[in-house]
Amino acid sequence: MKKIAFQTFGCKLNYSETSSISSTCKDMGFEIVDYKDHADIYVVNTCTVTATAEKKSILAARQAKSRNSESKVILVGCLSQLKADELLKRSEIDLVLGSNEKFNLPNIISETYVIDKEEKLNNSFISSFSSGDRTRSFLKIQDGCDYFCTYCAIPHARGRSRSDSIESVLKKIEEIAEKGIQEIVLTGVNVGDFGNKTNESFFQLLKSINEQKVIKRLRLSSVEPDLLNYDIIDLVATSNIIMPHFHIPLQSGSNGVLKRMHRKYPAELFADKVKYIKTKMPFACIAADVITGFPGETEEEFSETFNLIDASEISYLHVFPYSERKGTVAAEMPLKVNDKDRHHRTHQLLKLSDVKKNTFYQHNKAKTFNVLFESDNEKGFMSGFSDNYIRVKVPYNAAWVNAIQEVTLDEIDRDGVFTIKNI
């Protein structure tokens, strides 16, 4: 029995796909081992969103080969799709499979499949969901993107937007629920674009899942501001299944920068959506993505971003200094912002994020929420997430694993989580 190990970088969509591929490998007789262990085959599911993500993927390949020089190291995914020729020149990498070919990995390593050397992206949708975690599953409902923002290489790596059908998604939810999993996170490159080419919609999907009442909890991954319509917000506000937790990619609070990014909304729309959510759900968690130092971003434009976030009820931020992606429009734009300014602006927003998160936590203190607890035992404590995505720690209790418990939040510890010691 050959041993195979997987390492995944990037988004929840990648984790969903890795889980499905590894599950198939297991069914075919391979032994799945930890990536840090000795294995015959190492698979790295790569990310190309930033230069840092690319470096991590290549480093993981190098570490695998040093662990076992006789192993076969395979890179799959977005970076592999964009830079296959470059990667194959590296001595530690034996095989590179792109965005479509990666799903044939189990057959390829079983030597029952002939690799297409001229593989091109196509518009087929291949479903996947993660199943390694008893508590939570990431369910892929959409892939690819038609937005082509000037800074982003993902549409080139994953192709055009396409999605599953509502009927198919509902069947997969039943399959996941039968495994005893309590929570599903809907994932994709642009999940709000679900069904746009099949006369279905993301709102119709959410409404169907809500009416199906099979899964206990449903979370949404990142939804674009222009696709997060008021019907969706209203549905979440009245649902006992869809969690009051939103992830909205702002990217910039300056309309000038948003225009150069080719984003499809003004900053005012984002601010309005945040305000509407908080009107409907005062305790909802709202995260936002922001890019600092985009080409041409002036101090005034950065201040517009800072001030918009400061004035809004965002709960916390994911902040990234702009990273040039070869082949994108932005990579050729003039007026580059130097690295020092990019990182300084990133630091400013991260400090603001800490303030926002503390305000959000204080607003929720002494309130009671339902928490889904996970299985890890960390120094006598277990943890889980409230419905509005606050991590909560309690003394370990085996009976609470994969169970939803009502907990009152009372003490914030150094790790930035609520710790309840007297249960």
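Carbon-plus-sulfur accessible fraction, the chain (probe radius 1.4 Å, protein heavy atoms only): 48%. Only DSSP H runs of four or more residues enter the estimate; each adds -39500 (n - 2.57), and after division by the residues of the chain the mean residue ellipticity at 222 nm equals -10500 deg cm²/dmol.
Under a 1.4 Å probe, what is the accessible area of region 347-400 per residue, stated in Å²?
51
Compute the FRET efficiency between GLU174 and GLU300 as 1/(1 + (r/R0)^6), taking r as their Cβ-Cβ distance and R0 = 51 Å, and round to the nearest 0.05.
0.45
Simple point charges give the picture: +1 on the Cβ of Lys and Arg, -1 on the Cβ of Asp and Glu, and for region 283-422 a dipole about the Cα centre of about 360 debye. Here the gap between ARG90 and GLU378, fully extended at 0.36 nm per residue and compared with their Cα-Cα distance, gives a gain of 99.8 nm. Accessible area per residue for region 18-107 is 44 Å², calculated with a 1.4 Å probe on protein heavy atoms, without ligands, DNA or RNA. Cα gyration tensor of region 1-92, axes a ≥ b ≥ c as square roots of the eigenvalues: rounded (a/c below 1.5), prolate (a/b > b/c) or oblate? Oblate is the answer for region 1-92, as a/c is 1.5 or above yet b/c matches or exceeds a/b.
Can you give the extra length, in nm with one decimal, that the chain gains between VAL329 and ARG67 once fully stretched, where that is 0.36 nm per residue apart less the Cα-Cα distance? All intermediate terms of the calculation are to be shown ahead of the outcome.
On the way: separation 262, 0.36 × 262 = 94.32 nm, distance 3.92 nm.
The VAL329-ARG67 span can extend by a further 90.4 nm.
Given +1 at the Cβ of Lys and Arg, -1 at the Cβ of Asp and Glu and no other charges, the dipole of region 34-103 around its Cα centre is 220 debye to the nearest 20.
Computed extension length for ILE126-SER165: 12.9 nm, one decimal, from 0.36 nm per residue of separation with the Cα-Cα distance subtracted. Only Cα sites of the chain enter the Debye sum here, all with the same form factor; the resulting log10 I(q)/I(0) across q = 0.10, 0.11, 0.12 1/Å is -0.75, -0.92, -1.11, listed in q order.
Normalised by 2.2 N^0.38 Å, where N counts its residues, the alpha-carbon radius of gyration of region 256-378 equals 1.25. The local environment of ARG263, defined by Cβ-Cβ distances under 12 Å, has a net charge of 0 under the rule Lys, Arg +1 and Asp, Glu -1. Can you compute the label reach from ASP234? Point 7 Å from Cα along the Cβ direction, backbone N cut-off under 14 Å, restricted to region 192-208. Under 14 Å, as judged by backbone N against the label point of ASP234, lie 203-204, 207 of region 192-208. The alpha carbons of region 138-198 stretch over 42, 22, 16 Å along the principal axes, in descending order.
The values are calculated or read from the model by the stated rules, or taken from the named source; none is laboratory data. Note that the structure is predicted; figures quoted are calculated from it, not measured. Quick reminder, even Gly has a Cβ in these numbers, built from the backbone with ideal geometry, and neighbours come from all protein chains shown. Keep in mind that these areas ignore ligands, DNA and RNA; they rest on the heavy atoms of the full protein, side chains included. Shrake-Rupley method; radii C 1.70, N 1.55, O 1.52, S 1.80 Å.
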